[in-house]
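Asker: Encoded as structure tokens, here's the structure I'll be asking about.
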Amino acid sequence: MPQLQQPVLTLPDLQRPVVSPCAGAFTLMCDENWQVIWASPELPVLTGYATDDVLGKNPGDFLHGPDTDTGTLDQLRECVAHKKHFSGEMLNYKKDGTSFWVHLSFNPIFNDHNEFQHFVAIQTVNTYTAFIEEQTRAYVTRMERQRNVLIREVHHRIKNSLQGVAGMLRQHAQSEPQAAHVLEKAIAQVRTIAVVHGLEGKALYNEVVLCEMAPSIARMVQELVLPDGPHFTVTVNVPERIRVCEQERVPIALILNELILNAAKHLSATERYSTLSVGVAWQAQLECARITITNPGRLPDDFDFAAEQGIGTGLELVRSMLPANGATLTFANRAGFVETQLTLSPPVIYSVNPSRLPHPT
């Protein structure tokens, strides 16, 4: 079946508004091999590509990108191969990598003798599709914000409930002195979990910051065990971008609670003015965080944490909760004090993009 005859378009013809109907469109003329032989003046404005950048190139080499729909491209190639008309939506990319939607009107041009001359592709920036995309992004952002508010509220309520439980346990400890030792430990654990939920309740993107988590637990232990002593120091030197992964927050918090609580309780009455210190430091070369706890005293001669020798129920709990990957715990006798080091690395901790961090107001 013979193809319909269409007039030949010359370069002056292609400069007329009938081909580039608005400032939001550009036109490309391509030869039979789909190489650009002419581009309208709107091309640099809308794409960032100069005319010299695209002459002799296939439009797909500079306009298409990773998210351009392959199914649409297959349809376009089919039309190119059979010299047929094509019309459809397509995601293009500017020279700077920015994506934008266009409505592509693709036409093969024939002369009076039904001989193929060239292809003309008019690409109109699709403001409606861009509008829909923008509205979708805004909707997703709004839903994510509402979800975060809800999650933070839930964490806040859990924290308050746990604090209530700790208060009830405190009352039982006061009324039943014989059970006070066991209850005090339970109180510390409940309050530690409350600390984690408190941090999650105020966290941006539901992320818990290590530089806040460790000091919060240390202060909680100090308030519980050593409320009136000037001998408890906490130093923090960890970037704000370092976070604790969600599934390990409670175990790491309980481990820190047990280690700091154990060190605090080993300050004897004659050592009330000795110093217990908690230091949190970032090891940039090793990409890990090191939490160091030092307290006066000495480990028993038969103590061996790795071999589970000479450890009490508290450290047995620590062993059971210590993550298999991304966490190591060591104990050592130093000159007059015990040094405990908890080292955390990925996947237990991770670093967020600094651009996601909130800016100070």
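The values are calculated or read from the model by the stated rules, or taken from the named source; none is laboratory data. Everything quoted here is computed from the prediction, not taken from an experiment. Neighbour counts run over all protein chains shown; Cβ positions are idealised from the backbone, glycine included. The accessibility values were calculated without ligands, DNA or RNA, using every heavy atom of the protein model including side chains. Shrake-Rupley method; radii C 1.70, N 1.55, O 1.52, S 1.80 Å.
Asker: If ILE151 satisfies all but one of (1) over 28 Å from GLN341 (Cβ atoms); (2) open to solvent by 70 Å² or more (accessible area, probe 1.4 Å); (3) modelled with pLDDT under 70; (4) not polar (S, T, N, Q), what's the number of the condition it fails?
Answerer: (2)
Asker: What are the pairs, 6+ residues apart or on separate chains, where a residue within the stretch 303-317 that is closer than 12 Å to LEU329 by Cβ has its Cβ under 9 Å from a residue that is part of a loop (DSSP other than H, G, I, E, B) and not hydrophobic (A, V, I, L, M, F, W, C)?
Answerer: Hits for this filter: LEU315/GLU308.
Asker: What's the total number of residues in the stretch 33-74 that are outside any helix (DSSP H, G or I), open to solvent by less than 30 Å² (accessible area, probe 1.4 Å), β-branched (Val, Ile, Thr) and out of contact with any Lys or Arg (no Cβ under 6 Å at 6 or more places or on another chain)?
Answerer: Summing the residues that are outside any helix (DSSP H, G or I), open to solvent by less than 30 Å² (accessible area, probe 1.4 Å), β-branched (Val, Ile, Thr) and out of contact with any Lys or Arg (no Cβ under 6 Å at 6 or more places or on another chain) in the stretch 33-74 gives 1.
Asker: In the stretch 75-99, what count of residues is obtained for those that are open to solvent by less than 50 Å² (accessible area, probe 1.4 Å), more than 16 Å from GLN35 (Cα to Cα) and touching a residue at least 40 places away in the same chain (Cβ under 8 Å)?
Answerer: Within the stretch 75-99, residues that are open to solvent by less than 50 Å² (accessible area, probe 1.4 Å), more than 16 Å from GLN35 (Cα to Cα) and touching a residue at least 40 places away in the same chain (Cβ under 8 Å) number 1.
Asker: Please go through the stretch 49-76 and give me each residue that is of a type outside the set (Asp, Glu) and over 16 Å from LEU28 (Cα atoms), ordered by number.
Answerer: GLY65, PRO66, THR68, THR70, GLY71, THR72, LEU73, GLN75
Asker: Please state which of the following conditions LYS95 fails to meet, knowing it meets all the rest: (1) at pLDDT 90 or above; (2) over 21 Å from LEU43 (Cβ atoms).
Answerer: (2)
Asker: Mind telling me which of the residues VAL195, VAL238, VAL221 ends up being among the aliphatic types (A, V, I, L, M), touching a Leu at 6+ places or on another chain (Cβ under 8 Å), within 21 Å of TYR350 (Cβ to Cβ) and at pLDDT 70 or above?
Answerer: VAL238
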